[in-house]
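Colleague: Would you mind keeping the following structure in view while I ask a few things?
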Amino acid sequence: MPAYGIVGAQWGDEGKGKVVDFLAEEADVVVRYSGGSNAGHTVINEKGEFALHLIPSGIFRPHVDAVIGPGVVLDPVVLLGELESLNERGVDTSRLFISDHTHIVMPYHIMLDQLEEQARGNNAIGTTGRGIGPTYVDKVARTGIRLGDLLDETYLASRLENVVAQKNRLLTRVFDADPIDFDALLAQVRSWGNALRPYVASVEHRILDRLARGARVVLEGAQGAMLDLDHGTYPYVTSSSVSIGGACTGLGISPREIVGIIGVFKAYSTRVGAGPMTTELDDEVGHDIRERAWEYGTTTGRPRRVGWFDGLAARYSATINGFTSAVLTRLDVLDGIDPVKICTAYEADGKRIHRFPSEPGLLERATPIWEEMPGWSAPTAGITDISQLPPEASAYVRRIEDVIGCPIDLISTGPRRDESIVVRPIILR
Ligand code: IMP
């Protein structure tokens, strides 16, 4: 004890990278528990600006162990590139530990992700094209290759031969694509094994031992709860358990270890890829927010869809995760926008809806009911003290607190570590 889960509470891109980097000051271990290089966590600190896709955002704190857990799917090309670029910029990566149970994103997963998206036509999900879905499919189908497999050359060769034969049948006969050259792939995968060997560890035991000795462990989520495979807006979701339950299954820790579940909310909504987004703004305000906040994907560069804060989705997310604290990010983006709006109900089929709906198709038909609040003209950007917030911004924060049903303990007023208002300490010493 104790572990703290940091979960994206909307559709991802809430600013978890900054929040984890900030909270890592008080932590001993930071662990990524789900997703893969579809994530893009931006961290700005004294060494510069970094976009991390796989390495936990705690890597910048020299006293912190940065751990990649077995629930993550790992693309070695991305990871090795990330390690190289961090090392070039003077970041010590010797405290990175990767679970030997982590599944490897293979080149055929990336090919299949793209081929499957093309085959979906108008029903495409808008995946990041990073091979995430097909890697999780293989994990569940028990045809995945795990990091530990890369360390045993004989075992790797026989297992990979079997899997590649199956993938080649799929690639050539279903998708009419070129087959994979087994020998070239084996050589590539062996070289990954050699490069990653120093980082491979039995992290489950390591985390449990550290927890037993009282270390503070931050569980770093990726994406957002509305993209959760089970609880999100299926089928427009990612393929992993984004919510807090994923931290337990993805790491092998008991829910009893988790003393704080922190939901990270952006002061408005964004979504990348297809799928319903009831509060989406297709107007000047949406355009203005996208440009001033540079709402473009860290991983794919795609423009993010922008909308007002969706209170129903937010409350649903708070409920399924049981948030004990919330963090509100990018409040400063709304500076000067008047009025600001929160969606507090939907309307569909002539009825008012007060709970995030699960009936198929209902969300697609729903329209938002807005609550309008006065905006604020004095800037909140860079404010570090709650008493300095303009009264209208304070009222907006309090209303969001009401809507989600849990206290906002940290407010982010800019991308840098120090541009933060600590309302109440989240990680207790
Ligand atoms: P996948 O995870 O690449 O399979 O993509 C599935 C859906 O999740 C798509 O709509 C993606 O845009 C979305 N998605 C995946 N990762 C992220 C993320 O880190 N931020 C925002 N959206 C994401």
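Colleague: With a cut-off of at least 2 residues that are within 16 Å of the ligand (Cβ to nearest atom) and either of a type outside the set (Gly, Ala, Ser) or open to solvent by 20 Å² or more (accessible area, probe 1.4 Å) (or both), name the strands (runs of 3 or more DSSP E) lying wholly within the range 271-359.
Modeller: Details: elements: 305-307, 325-329, 340-348, 351-353.
Output list reads 305-307.
Colleague: Would it be correct to say that LEU79 is in a helix (DSSP H, G or I) and under 18 Å from the mean Cα position of the chain (by Cα)?
Modeller: On the way: in a helix (DSSP H, G or I): yes; under 18 Å from the mean Cα position of the chain (by Cα): yes.
For LEU79, the condition - in a helix (DSSP H, G or I) and under 18 Å from the mean Cα position of the chain (by Cα) - is met.
Colleague: Considering (1) open to solvent by less than 40 Å² (accessible area, probe 1.4 Å); (2) closer than 21 Å to VAL20 by Cα; (3) more than 16 Å from the ligand (Cβ to nearest atom); (4) not hydroxyl-bearing (Ser, Thr, Tyr), say which one ARG210 fails and leave the rest.
Modeller: (1)
Colleague: Considering only the range 375-402, state which residues are assigned to a helix (DSSP H, G or I), open to solvent by 20 Å² or more (accessible area, probe 1.4 Å) and in contact with a helix residue (DSSP H, G or I) (Cβ under 8 Å, 6 or more places away or on another chain).
Modeller: Of all residues in the range 375-402, those assigned to a helix (DSSP H, G or I) come to 386-388, 391-402.
Pick out the ones that are also open to solvent by 20 Å² or more (accessible area, probe 1.4 Å) and you get 386-388, 391-392, 394-395, 398-399, 401-402.
Correct list: ILE386, SER394.
Colleague: Then there's this: Report, by residue number, each residue of the range 216-256 that is polar (S, T, N, Q) and surrounded by 20 or more Cβ atoms within 10 Å (Cβ to Cβ). Talk me through it step by step, then tell me what you get.
Modeller: Initial filter on the range 216-256 (polar (S, T, N, Q)): 223, 233, 238-241, 243, 249, 254.
Selection gives GLN223, THR233, THR238, SER239, SER240, SER241, SER243.
Colleague: Now for a different question. Return yes when GLU372 is exposed (fewer than 13 other Cβ atoms within 10 Å of the Cβ), out of contact with any helix residue (DSSP H, G or I) (no Cβ under 7 Å at 6 or more places or on another chain) and in a strand (DSSP E or B) and no when it is not.
Modeller: Yes.
Colleague: To continue, here is another question. So, in the range 35-76, of the ones that are of a type in the set (A, V, I, L, M, F, W, C) and more than 16 Å from the ligand (Cβ to nearest atom), which residue ends up most open to solvent (accessible area, probe 1.4 Å)? Spell out the reasoning first.
Modeller: Within the range 35-76, the subset of a type in the set (A, V, I, L, M, F, W, C) is 39, 43-44, 50-52, 54-55, 59-60, 64, 66-68, 72-74.
Within this subset, residues satisfying the condition of being more than 16 Å from the ligand (Cβ to nearest atom) are 44, 59-60, 64, 66-67.
Numbers: ILE44: 41, ILE59: 11, PHE60: 16, VAL64: 3, ALA66: 0, VAL67: 3 Å².
This residue is ILE44.
Colleague: Taking the range 116-142 as the region of interest, how many residues are more than 10 Å from the ligand (Cβ to nearest atom), within 22 Å of PRO70 (Cα to Cα) and not in a loop (DSSP other than H, G, I, E, B)?
Modeller: Residues in the range 116-142 being more than 10 Å from the ligand (Cβ to nearest atom), within 22 Å of PRO70 (Cα to Cα) and not in a loop (DSSP other than H, G, I, E, B): 5 in total.
Colleague: Restricting the search to the range 387-417, which residues are within 22 Å of the chain's Cα centre (by Cα), under 21 Å from ALA293 (Cβ atoms) and of a type in the set (D, E, K, R)?
Modeller: Across the range 387-417, the qualifying residues are ARG416, ARG417.
Colleague: Can you find a residue that is part of a strand (DSSP E or B) and within 26 Å of ARG302 (Cα to Cα) anywhere in the range 11-29?
Modeller: No, there is no match, as no residue in the range 11-29 is part of a strand (DSSP E or B) and within 26 Å of ARG302 (Cα to Cα).
Colleague: With respect to TYR236, determine if the residue is aromatic (Phe, Trp, Tyr) and either in contact with a Ser or Thr (Cβ under 7 Å, 6 or more places away or on another chain) or under 21 Å from SER37 (Cα atoms) (or both).
Modeller: Details: aromatic (Phe, Trp, Tyr): yes; either in contact with a Ser or Thr (Cβ under 7 Å, 6 or more places away or on another chain) or under 21 Å from SER37 (Cα atoms) (or both): yes.
For TYR236, the condition - aromatic (Phe, Trp, Tyr) and either in contact with a Ser or Thr (Cβ under 7 Å, 6 or more places away or on another chain) or under 21 Å from SER37 (Cα atoms) (or both) - is met.
Colleague: How many of the residues making up the range 88-138 are hydroxyl-bearing (Ser, Thr, Tyr) and over 21 Å from ALA201 (Cβ atoms)? Let's see the steps before the verdict.
Modeller: Filtering the range 88-138 down to residues hydroxyl-bearing (Ser, Thr, Tyr) leaves 93-94, 99, 102, 108, 127-128, 135-136.
From what's left, over 21 Å from ALA201 (Cβ atoms): 108, 127-128, 136.
Qualifying residue count, the range 88-138: 4.
Colleague: Also, quick follow-up: Where residues in the range 137-160 are open to solvent by less than 20 Å² (accessible area, probe 1.4 Å) and in contact (Cβ under 8 Å) with a residue 40 or more places away in the chain, which of them is farthest from VAL189 (Cα to Cα)?
Modeller: Per the stated criteria, the residue is GLY144.
Colleague: From the list GLU371, GLU364, GLU392, which residue is closer than 23 Å to ARG315 by Cβ, touching a Phe, Trp or Tyr at 6+ places or on another chain (Cβ under 6 Å) and among the acidic types (Asp, Glu)? Walk me through how you get there before you give the answer.
Modeller: On the way: GLU371 fails: touching a Phe, Trp or Tyr at 6+ places or on another chain (Cβ under 6 Å); GLU364 fails: touching a Phe, Trp or Tyr at 6+ places or on another chain (Cβ under 6 Å).
Criteria check complete, one pass: GLU392.
Colleague: Continuing with this model, one more query. Determine the pairs where a residue that is over 11 Å from ILE253 (Cβ atoms), located within the range 200-213, has a partner that is part of a helix (DSSP H, G or I) with Cβ atoms under 7 Å apart, the partner being 6 or more residues away or on another chain.
Modeller: Partner pairs satisfying both residue conditions: VAL200/LEU147; VAL200/GLY148; VAL200/LEU151.
Colleague: Any chance the range 408-429 includes a residue that's of a type in the set (Gly, Ala, Ser), open to solvent by less than 70 Å² (accessible area, probe 1.4 Å) and part of a loop (DSSP other than H, G, I, E, B)?
Modeller: Here is the first cut: in the range 408-429, the residues of a type in the set (Gly, Ala, Ser) are 412, 414, 420.
Those left that are additionally open to solvent by less than 70 Å² (accessible area, probe 1.4 Å): 412, 414, 420.
Then keep just the ones that are part of a loop (DSSP other than H, G, I, E, B); that gives 414.
Taking every residue of the range 408-429 in turn, at least one turns out to be of a type in the set (Gly, Ala, Ser), open to solvent by less than 70 Å² (accessible area, probe 1.4 Å) and part of a loop (DSSP other than H, G, I, E, B).
The values are calculated or read from the model by the stated rules, or taken from the named source; none is laboratory data. It should be emphasised that the depicted structure is a prediction, and the values quoted were computed from it without experimental measurement. No Cβ is skipped: glycine too gets one built from the backbone with ideal geometry, and neighbour counts run over all protein chains shown. Calculation scope for accessible area: heavy atoms of the full protein, side chains included, ligands and nucleic acids excluded. Shrake-Rupley method; radii C 1.70, N 1.55, O 1.52, S 1.80 Å.
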